[in-house]
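Trainee: Got a structure for you, written out below as structure tokens; questions coming shortly.
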């Protein structure tokens, strides 16, 4: 029995070299002794090989014979132009920069590394002083493909079935978001991908080219940079006035920007405007500051914070 | 250095190795092994295997490659002279990595990375990826970094010692420390610096947005071995643990903090019970307050009173 890699290599070579598409009978007679003689076993082995080649990205063309003695027979070949990577004409320093990029950005897959190899580069040289890790999500490949193909996706989100024309993906704050036109609400919406109810298996990708991404669309500006505003349109934003004491004031000012500071108190405390459209996110941020921050306005936010704290204070003592 | 095992993965590796070998023609086995992350024995075995591949009338001659005395020789190439085109996942990953690298301190959009990225984006149509007018393929990576990140990254390249004012939430205090930064990295939405800490004489990881100020001391420390970001989160086994139950609305906690154990609870639909390391009692109190009624404390029971006390202290601020 030949090594499977040897048979796959031979099959690949044969389909690349052939001038005419070949049937399975022709293929197995060229690759003498490499496929089983028995018809069903031969077909099964060939289908496995074909799937393996497609998995690694080999474009196998199939065509059906339409007339004559072989009508109905399927024949196979590989178009060499579709198989071969076109030359990117990368300069040495550009190749090197991409290599460093792949080394500095860690992901859970080896896809980027495989791409560098194909482009003729190598990995792991030089000292790295900065790096980042990109979270991979099992849902990403399907959504990326849908964005690229302009295909709608359907998925369940917090118990509701949604249909979205996905315009783009954004990684922000360590989470992946998909942004697009939501058919259910009839307007633009943002969804956090790790919150999809059914995971990757629950995503249904529709036909391609069913929508156009708005020309001016940029995921970066399409939704607020501040997680405290996600889930709402940025222009209907509620803002809270928060007093932060001297211990945390400089950090908070750095985080939110000096232009949000409305008052500076003697001793270093500040009063600052904080987006509070998403009350859950706002509250979580606020309590991160412990007793160094207090909400001054608006009254309804202040009341909700007091109620929340009273609940915690009461519940814990019973 | 284990190398690929599955037939698909071995073939994938071969199909990038062969075009490269054909281009260089003659190369030490050790270099091939290092470049493609396989042992020399694996490389030799794979090359011997492909040397046997062939079709009539060129049986055994299709790929003219042999290894002699630690050197790989390749004859006149006929097949596999060009690598297989990028698959869509490869194209996306490379594009994402390059875009993320563009967000790192020191990246220059007009430099080699920017130019390489533009060429890559232009070529991705081959992989069935329409990158659109803006070359992004609709994928944007935003690693917005705190103000001092660039200065820390720059200091890390030189081994420059500095004094920082650092806020520690676990103790709720600000203290001055003298550190030597080595590596700056982004993970799960935050930026960190790995540095030698003068106070504890240990290598520590600091969150950059908690550094209030920094000042260079002017002293330079020799840069030692290559230091990269720690693998995942760095959790000390000695740290005490808490067990809490989380409502669906509170389950962002699972993604934010390292967990020892997560399990669903049968009679509470949608809730999960988790065991997690606790940096300090104060940190746990703060978490309990943030989660309010979306969390149920299982152990340690003492945390209940601590959280209640802290909640009342914050409440006092509202009684004016």
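No value in this document is a laboratory result; all are computed from the given coordinates. Since the model is a prediction, treat every value here as computed from it, not as a measurement. Please note: Cβ atoms are built from the backbone with ideal geometry, for glycine as well, and neighbour counts cover all protein chains shown.
Trainee: Pop the C-beta distance of residue B:305 and residue B:119 into the FRET formula with R0 = 51 Å and round what comes out to the nearest 0.05.
Mentor: On the way: r = 62 Å, r/R0 = 1.22.
Between residue B:305 and residue B:119 the formula returns 0.25.
Trainee: Oh, and also: Measure nothing but the geometry: give the 0 to 90° angle between the long axis through the Cα atoms of A:92-104 and the longest principal axis through the Cα atoms of chain A, rounded to 10°.
Mentor: So the helix axis and the longest Cα principal axis differ by about 60 degrees.
Trainee: Right, next: Compute the separation of the alpha-carbon centres of the range A:48-84 and the range A:1-27 and state it in Å as a whole number.
Mentor: After rounding, the separation between the Cα centres reads 11 Å.
Trainee: Hey, what angle do you get for helix A:279-288 against the long axis of chain A, alpha-carbon based, 0 to 90 degrees rounded to 10?
Mentor: Value to nearest ten degrees: 70.
Trainee: Further question: Classify the range A:140-223 as rounded, prolate or oblate from the Cα gyration tensor: take a ≥ b ≥ c as the square roots of its eigenvalues, call it rounded if a/c is under 1.5, otherwise prolate when a/b beats b/c and oblate if not.
Mentor: Working: a/c = 1.36, a/b = 1.10, b/c = 1.24.
Rounded shape, in that the Cα axes give a/c under 1.5.
Trainee: May I ask for the distance between the Cα centers of the range B:236-265 and the range B:68-93, given as a whole number of Å?
Mentor: So the two Cα centres are separated by 46 Å.
Trainee: For A:23, A:221, which order do you get if you count the other beta carbons within 10 Å of each Cβ and list the fewest first? Before the final figure, lay out each step's value.
Mentor: Working: A:23 14, A:221 11.
Arranged by neighbour count, lowest to highest, A:23, A:221 become A:221, A:23.
Trainee: If you don't mind, there's one more thing I want to ask. Relative to the present Cα-Cα distance, how much length would full extension add between residue A:63 and residue A:263 at 0.36 nm per residue of separation? Could the numbers behind the result be given before it?
Mentor: Values: separation 200, 0.36 × 200 = 72.00 nm, distance 7.40 nm.
Roughly 64.6 nm would be gained on extension.
Trainee: Here is a further query. In whole Å, what are the Cα extents of chain A along the three principal axes, biggest one first?
Mentor: 91, 49, 48 Å, listed from the longest principal axis down.
Trainee: OK, next. Pick from B:129, B:289, B:76 the residue whose mean-square fluctuation is largest in a GNM of chain B, springs joining Cα atoms under 10 Å.
Mentor: B:76
Trainee: Distance in nm between label sites at residue A:154 and residue B:64, each 7 Å beyond Cα in the beta-carbon direction?
Mentor: It works out to 5.8 nm between the two label points.
Trainee: Hey, another quick one. Take B:80, A:217 and order them by how many other Cβ atoms sit within 10 Å, fewest up front. Could the numbers behind the result be given before it?
Mentor: Values: B:80 24, A:217 18.
Fewest-to-most Cβ neighbours within 10 Å comes out as A:217, B:80.
Trainee: With a 10 Å cut-off between alpha carbons and a GNM built on chain B, which of B:16, B:298, B:194 moves the most?
Mentor: B:16
Trainee: Would you mind checking the tilt of helix B:112-123 against the longest principal axis of the Cα atoms of chain B, expressed as 0 to 90 degrees and rounded to 10?
Mentor: That works out to roughly 60 degrees.
Trainee: Next up: In the range A:125-159, which residues have a backbone nitrogen under 17 Å from the label point lying 7 Å from residue B:130's Cα in the Cα-to-Cβ direction?
Mentor: From the range A:125-159, the list is A:143-153.
Trainee: Related question: Can you figure out the FRET efficiency of residue A:80 with residue B:157, using R₀ = 60 Å and their beta-carbon distance, to the nearest 0.05?
Mentor: Numbers: r = 46 Å, r/R0 = 0.76.
According to the calculation, E is roughly 0.85.
Trainee: Report the far tail of the P(r) of the protein assembly as shown, meaning the percent of Cα-Cα pairs longer than 34 Å. The partial results should precede the final answer.
Mentor: Values: 111038 of 203203 pairs.
Here the tail beyond 34 Å accounts for 55 percent of pairs.
Trainee: At R0 = 41 Å, how high is the FRET efficiency between residue B:144 and residue A:161 if r is their beta carbon distance? Nearest 0.05 is fine.
Mentor: Between residue B:144 and residue A:161 the formula returns 0.80.
Trainee: Something else about it: Arrange the following residues from fewest to most other Cβ atoms within 10 Å of their Cβ: A:183, B:182, B:269.
Mentor: Details: A:183 14, B:182 23, B:269 8.
Sorted ascending by nearby Cβ count, the order is B:269, A:183, B:182.
Trainee: Sticking with this structure for a sec: Suppose the chain between residue B:256 and residue B:23 were pulled fully straight at 0.36 nm per residue; how much longer would it get relative to their current alpha carbon spacing?
Mentor: Values: separation 233, 0.36 × 233 = 83.88 nm, distance 4.71 nm.
Between residue B:256 and residue B:23, full extension yields 79.2 nm more.
Trainee: How large is Rg/Rh for the range A:4-83, to two decimals, with Cα atoms and a Kirkwood Rh? Before the final figure, lay out the partial values.
Mentor: Numbers: Rg = 12.2 Å, Rh = 13.0 Å.
For the range A:4-83, the value is 0.94.
Trainee: At what distance in nm do the modelled label points of residue B:5 and residue B:108 sit from each other, each positioned 7 Å from its Cα along Cα→Cβ?
Mentor: Once both label points are built, they end up 4.5 nm from each other.
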